[in-house]
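Please treat every number below as a calculation from the coordinates, not as lab data. Remember, it's a predicted structure, so these values are computed and weren't measured experimentally. Cβ placement follows ideal geometry from the backbone for every residue including glycine, while neighbour counts extend to all protein chains displayed.
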Amino acid sequence: MKKLSKVLKGGVLAAFATLVFAGSTFALNLDGCFDGGGTTGTSTAKYSTIHEGSGNVYCTTYTKDPSSTDATGATVKVYGDTAADCQLAATIIANPDKCKSDDLNSIIGVIINTIIFVIGMVAVVMIILGGISYATSQGDPSKVKKGKDTILYGIIGLVVALLAFAIVQFVLNALNS
């Protein structure tokens, strides 16, 4: 049972790491960072001299985040007004965090959402381990009770994590409005 528990924990950890680290590598969401097109430089983008789709100097390409509402999963060509803009675009594409907002609300939101996500993952793992413990109890009343309790506490933890996420999103949206 202990070996099975270790294997499951390792598998869940590996899946979590794959989702967190590899998922962000394949597609970038740089909306709000580069201008959506044209060379007017009048957009509200953080770097309005760098353009997705048209401009004076061809810089590079990147794959847009599939969760984006426009150009879903498309490869986007990036242009700049000058060669220096292209160097900046390459730096941002290599490290997209340079484009993200650094205000206190967004930093706190990311930290809280990450903590809630980890709590949710732990709750799911506990439900799985409780189910395994219950299924392998072989009718032993103490093991059956332990398995049921683990499942119950895992479900309670998952509900609390979901409610906390909803409350945090509501508060952060209210603060940003």
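For region 144-170, taking the residues that are within 19 Å of GLY109 (Cα to Cα) and among the β-branched types (Val, Ile, Thr), the one that is surrounded by the most Cβ atoms within 10 Å (Cβ to Cβ) is identified as VAL168. Of all residue pairs spaced 6 or more apart or on separate chains, those with beta-carbon atoms under 8 Å, a first member in region 151-177 that is over 10 Å from ILE116 (Cβ atoms) and a second member that is among the polar types (S, T, N, Q) and assigned to a helix (DSSP H, G or I) are LEU172/ASN105; LEU175/ASN105; ASN176/ASN105. Scanning region 152-177 for residues that are among the aromatic types (Phe, Trp, Tyr) and within 20 Å of the chain's Cα centre (by Cα) returns PHE165, PHE170.
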